[in-house]
Amino acid sequence: MLKRDQTEALIQVSRPSRYLGGELGSICKDDAGIEVRMALAFPDVYEVGMSHVGFPILYNILNRLDWVAAERVYAPWADMEQWLCEHQEPLCSLESTLPLSDFDIVGFTLQYELSYTNLLAMLKLGGIPLRREQRNEDSPLIVVGGPCAFNPEPLADFFDVALIGDGEEAVVELVKLVRQAQQENWNREQLLQQLAGRSGFYIPQFFNVSYQKNGRIEEISALQEGYEKVLRCFLNDLETAPFPTQPIIPFMQTIHNRVAMEITRGCTRGCRFCQAGYIYRPVRERSPEKIRQLIAETLENSGYEEVSLLSLSTGDYTCIEPLLQQLMAEYADEKIAVSLPSLRVGSLTAELMEEVKKVRKTGFTLAPEAGSERLRELINKGISIEDLLQTTRNAFQLGWRLIKLYFMMGLPTETDDDLQQLIELAAEVKRSGKGTGGNDVNVAVSTFVPKPHTPFQWEEQIGIDETLRKQHLLRDGLRAKKLRFKYHGAESSFLEGVFSRGDRRLSAVLERAVELGCRFDGWRECFDFSLWQQAFADCDVDPTWYLRQRDEGEILPWEHIDCGVPKSFFLSERDKALAGAATIDCRDGSCHGCDLCDFKELRMRQNSPVKMKPSAPADHGETEVKIEATEHLTRVRLKLSKHGRARMVGHLEYLKMFQRAVRRAKLPIRFSQGFHPMPKISYLEALPMGVSSDAELVDLELLFAVPIDKVIADLNTQLPAGFKIIEGEVIPWKAPSPSAAVASSCYRITLPDPHPEDLAERISTFLAAEQILVARIKKEVVKQVDIRSDVLKLLHLDQELEIELVKGSPLQVAANLLGLDVETIRRLGVRKTGITLKG
């Protein structure tokens with residue numbers, strides 16, 4: 001994200017590893033032979049974007065093409081944005097540090113309405129004019145995709161193309177057409193016309209929207225003949241779809257830092273509030289054999305400690321029980337956990353829960369969505385209270401101590417009685433764990449936001465005052481039952497609702513909000529609703545108008561976007577909802593009649609059911625005895641260097657990075673015992689951020705001896721740029737840990753030019769003192785710390801200051817001697833040059 005000579009910025013910002021690039025698995029191509037450069041842009045911070053499952057799929061697909069270079073860019077946090085603006089530097093990609101404006105295509109994924117301001121801010125920081133009409137033929141093609149692209153109208157003035165639907169095949173078609181445009185000298189208009197002739201590509205400038213005096217849409221008129229609707233693109237078969245088995249391994253801890261394996265795409269449960277259930281139809285499953293193959297390859301290339309099986313409802317996967325059983329048996333000895341993040345009450349069989357209980361039991365999450373039976377029938381969530389309580393009772397008996405329940409409030413026709421039933425249901429869940437050793441229950445309630453392309457797309461959304469009233473009712477009721485309550489902010493849900501069903505008139509509001517400083521609106525600490533109120537007022541837009549109930553005959557802003565399910569089906573489902581009638585999952589009953597499948601290429605693709613083999617009971621004691629009987633424990637001490645951008649990797653990030661390198665190197669590392677086994681690796685005390693090193697120590701406990709040259713070579717192959725094993729040796733099994741073995745550490749700091757003329761005198765005064773107290777702030781508490789006691793030696797060597805310490809950081813010592821602050825010392829350049837071992 002920064003040019004190679006801009007590392008000064010990394011020292012000045014929080015979490016610098018967001019901007020490092022150079023991660024293992026990232027791809028930086030030479031200019032030779034590259035015809036199309038595409039920036040994959042995520043309008044949120046690195047740790048959020050790196051957790052998105054679709055991003056690496058597109059990155060991998062595009063970079064498989066020799067003539068395409070796909071690179072990543074994420075929204076910079078406020079401190080980095082400020083640095084870029086103050087230094088008049090553009091937002092750049094992580095791989096080649098190319099400014100955003102120099103790419104042929106910039107493609108944004110739209111996962112959440114409250115990220116829209118970040119998208120505009122990224123364009124601005126990248127040197128790209130915000131509005132389409134302000135850009136010229138040399139500007140990048142701005143493309144958006146993802147679930148919010150199914151109603152991209154609030155952003156329609158800012159992008160050129162929206163990719164609607166599955167992106168795996170469409171993104172290849174996109175770059176091929178851009179290359180053809182370059183080869184045949186098409187202008188932008190000609191390129192857009194070619195894209196408009198293909199499924200899945202929405203070109204907003206080819207549609208005109210007119211409005212009635214009452215604010216409703218008068219007409220959405222196509223400006224190109226035959227281009228009245230845009231049909232989403234479909235990936236027919238998930239089995240043959242590309243999946244990146246050489247993932248990018250981040251330095252920092254991302255939101256989901258694990259193998260994320262999509263086992264199914266689509267869901268036909270028919271929950272009437274759920275947009276994903278309609279826009280990702282039909283159900284397409286990967287085979288268990290393909291899943292196991294992809295997981296094995298990805299684990300080998302990543303070193304991850306966890307596998308997550310992803311789908312909209314993982315428990316509905318046809319072969320989930322035998323698949324989970326096989327995966328847990330295969331990876332038990334490697335201490336790799338297998339998790340299922342999305343489980344549905346109706347899909348939790350006793351056998352499945354027996355397997356799930358072997359995974360780390362941090363919390364068991366269920367989503368009843370509504371508290372009353374009436375509302376669950378309305379939303380088509382076919383869960384009975386009896387099934388829910390039996391599931392929670394089993395979970396508590398199997399060892400879970402915490403159950404998380406997710407609900408919505410503000411659903412159509414909801415009354416206070418429905419909320420009272422929600423409170424009572426949560427209390428019954430708590431009671432179901434009585435006598436099991438633990439029965440904590442967390443209740444999370446979000447405000448219902450009607451989404452396009454659902455049966456509830458016409459419904460009214462409750463406003464801020466009503467949201468707050470309902471939240472107070474729930475808070476008081478749940479507190480009385482000794483239940484913990486979490487909820488979404490009323491103002492942020494309000495704003496999400498405005499943009500979820502918004503139209504092109506909101507573009508001016510977005511632009512004004514960005515001017516006022518709105519960023520990261522999905523982050524509670526960044527969200528400022530008063531700025532949004534000002535933006536709406538400045539643009540003379542009443543946001544509450546967008547929360548109103550829509551007439552069934554009204555033209556909706558997304559009317560020309562075809563998700564494959566017709567409006568008539570949604571209207572029928574709306575009628576059934578109000579009548580309390582169920583729509584049975586078409587996997588188990590008759591066809592819904594949603595008109596999506598052609599029953600040839602585009603159809604449900606499910607595996608044949610496989611019987612589950614009996615699971616042998618785990619006997620950890622016997623396993624441990626067997627291991628101890630066959631192992632020949634060996635302890636290895638490694639010395640490594642940390643230079644360049646690697647010095648900006650924080651200590652905890654460094655520990656995790658090294659653990660995964662050990663896994664990838666297939667070293668026979670020993671693990672601790674217990675429920676959370678950890679690799680037996682020991683390190684020196686944390687190196688200050690920004691300090692490079694020639695002398696870091698790491699100890700490995702191995703189950704059996706491996707030639708030291710092989711340990712070094714295999715690890716160096718797996719370490720990212722900037723980290724290198726210099727030497728290694730086998731040490732006695734009971735030797736002191738690295739921290740206990742070191743008598744002192746030596747550092748050198750580059751002196752400022754000019755440096756103090758009396759530096760020699762300052763050094764003498766410092767060494768002569770018995771105590772030197774300085775203020776240190778930790779967790780907002782100021783403490784007086786003696787920095788003299790740990791200093792063994794101070795030397796002025798030409799343009800460097802050498803400091804030898806027993807322990808601690810050299811930064812405060814150098815700051816005291818030079819009369820500078822710690823951050824200035826950090827920017828001067830600090831290097832750990834060596835260590836002295838005890839004895």
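Could you say which residue among 178, 143, 171 is assigned to a strand (DSSP E or B) and crowded, with 21+ Cβ neighbours inside 10 Å?
Matching residue, one of 178, 143, 171: 143.
Which of the residues spanning the range 250-264 are open to solvent by 20 Å² or more (accessible area, probe 1.4 Å) and of a type outside the set (S, T, N, Q)?
255, 256, 258, 260, 262
Given (1) more than 15 Å from residue 118 (Cβ to Cβ); (2) open to solvent by 10 Å² or more (accessible area, probe 1.4 Å); (3) aromatic (Phe, Trp, Tyr), identify the lone condition not met by residue 77.
The one condition residue 77 does not meet is (1).
Within the range 430-455, restricting attention to residues that are open to solvent by less than 10 Å² (accessible area, probe 1.4 Å) and either among the aromatic types (Phe, Trp, Tyr) or at pLDDT below 95 (or both), which residue is nearest to residue 488 (Cα to Cα)?
448
Search the range 115-135 for residues that are β-branched (Val, Ile, Thr) and pair each with any residue that is in a helix (DSSP H, G or I) and open to solvent by less than 20 Å² (accessible area, probe 1.4 Å) when their beta-carbon atoms are under 8 Å apart and the residues are at least 6 apart or on different chains.
The qualifying pairs are 117/510; 117/513; 117/514; 128/100.
Mind checking which residues of the range 746-794 are under 38 Å from the mean Cα position of the chain (by Cα) and not acidic (Asp, Glu)?
Those that are under 38 Å from the mean Cα position of the chain (by Cα) and not acidic (Asp, Glu): 747, 749, 775, 776, 777, 778, 779, 781, 782, 783.
Just checking, does the range 689-710 include any residue being on the phi < 0 side of the Ramachandran plot, among the acidic types (Asp, Glu) and at pLDDT below 95?
No, there is no match, as no residue in the range 689-710 is on the phi < 0 side of the Ramachandran plot, among the acidic types (Asp, Glu) and at pLDDT below 95.
Would you check if there is a residue in the range 531-554 being within 21 Å of residue 111 (Cα to Cα), open to solvent by 40 Å² or more (accessible area, probe 1.4 Å) and not in a helix (DSSP H, G or I)?
No, the conditions are met nowhere in the range 531-554.
State which residue is nearest to the chain's Cα centre (by Cα) when the search covers only the range 560-580 and only residues that are among the acidic types (Asp, Glu) and surrounded by 17 or more Cβ atoms within 10 Å (Cβ to Cβ).
Checking each candidate, the answer is 562.
Would it be correct to say that residue 552 is touching a Phe, Trp or Tyr at 6+ places or on another chain (Cβ under 8 Å) and modelled with pLDDT of 95 or more?
The answer is yes for residue 552.
On the given criteria, is residue 272 in contact with a Phe, Trp or Tyr (Cβ under 9 Å, 6 or more places away or on another chain), open to solvent by 30 Å² or more (accessible area, probe 1.4 Å) and of a type in the set (Lys, Arg)?
no
If I filter the range 363-384 down to residues being touching a Lys or Arg at 6+ places or on another chain (Cβ under 9 Å) and part of a helix (DSSP H, G or I), which single residue comes out as surrounded by the most Cβ atoms within 10 Å (Cβ to Cβ)?
Among those that are touching a Lys or Arg at 6+ places or on another chain (Cβ under 9 Å) and part of a helix (DSSP H, G or I), it is 375.
Here are some residues: 460, 466. Which one is in contact with a Leu (Cβ under 8 Å, 6 or more places away or on another chain), open to solvent by 20 Å² or more (accessible area, probe 1.4 Å) and either assigned to a helix (DSSP H, G or I) or touching a residue at least 24 places away in the same chain (Cβ under 8 Å) (or both)?
460
Could you go through the range 737-750 and let me know if any residue there is touching a residue at least 60 places away in the same chain (Cβ under 8 Å) and in a loop (DSSP other than H, G, I, E, B).
No: the range 737-750 contains no residue that is touching a residue at least 60 places away in the same chain (Cβ under 8 Å) and in a loop (DSSP other than H, G, I, E, B).
Would you check which residues across the range 147-161 are among the hydrophobic types (A, V, I, L, M, F, W, C) and within 20 Å of residue 596 (Cβ to Cβ) and list them?
Matches in the range 147-161: 149, 150.
Kindly provide the set of residues from the range 12-25 that are out of contact with any strand residue (DSSP E or B) (no Cβ under 7 Å at 6 or more places or on another chain) and either more than 20 Å from residue 655 (Cα to Cα) or open to solvent by 40 Å² or more (accessible area, probe 1.4 Å) (or both), ordered by number.
Residues satisfying the conditions are 12, 13, 14, 15, 22.
Under the condition of being touching a Pro at 6+ places or on another chain (Cβ under 7 Å) and touching a residue at least 40 places away in the same chain (Cβ under 8 Å), which residue from the range 658-670 is nearest to residue 47 (Cα to Cα)?
Across the range 658-670, the extreme among qualifying residues is 659.
Which numbered condition trips up residue 396, out of (1) under 21 Å from residue 349 (Cα atoms); (2) open to solvent by less than 40 Å² (accessible area, probe 1.4 Å); (3) in a loop (DSSP other than H, G, I, E, B)?
Of everything listed in (1) under 21 Å from residue 349 (Cα atoms); (2) open to solvent by less than 40 Å² (accessible area, probe 1.4 Å); (3) in a loop (DSSP other than H, G, I, E, B), residue 396 misses just condition (3).
Please go through the range 211-249 and give me each residue that is open to solvent by 40 Å² or more (accessible area, probe 1.4 Å) and outside any loop (DSSP other than H, G, I, E, B), ordered by number.
211, 218, 219, 231
Regarding the range 652-662, can at least one residue be identified that is at positive phi, modelled with pLDDT under 95 and either among the aliphatic types (A, V, I, L, M) or under 30 Å from the mean Cα position of the chain (by Cα) (or both)?
No: zero hits.
State whether one or more residues within the range 702-709 are within 30 Å of residue 802 (Cβ to Cβ) and touching a residue at least 24 places away in the same chain (Cβ under 8 Å).
Among the residues of the range 702-709, not one is within 30 Å of residue 802 (Cβ to Cβ) and touching a residue at least 24 places away in the same chain (Cβ under 8 Å), which makes the answer no.
The values are calculated or read from the model by the stated rules, or taken from the named source; none is laboratory data. Bear in mind the structure is a predicted one, so any value in this text is a computation, not a measurement. Methodologically, a virtual Cβ is constructed for each residue, glycine included, from the backbone with ideal geometry; neighbour enumeration extends over all protein chains shown. Keep in mind that these areas ignore ligands, DNA and RNA; they rest on the heavy atoms of the full protein, side chains included. Shrake-Rupley method; radii C 1.70, N 1.55, O 1.52, S 1.80 Å.
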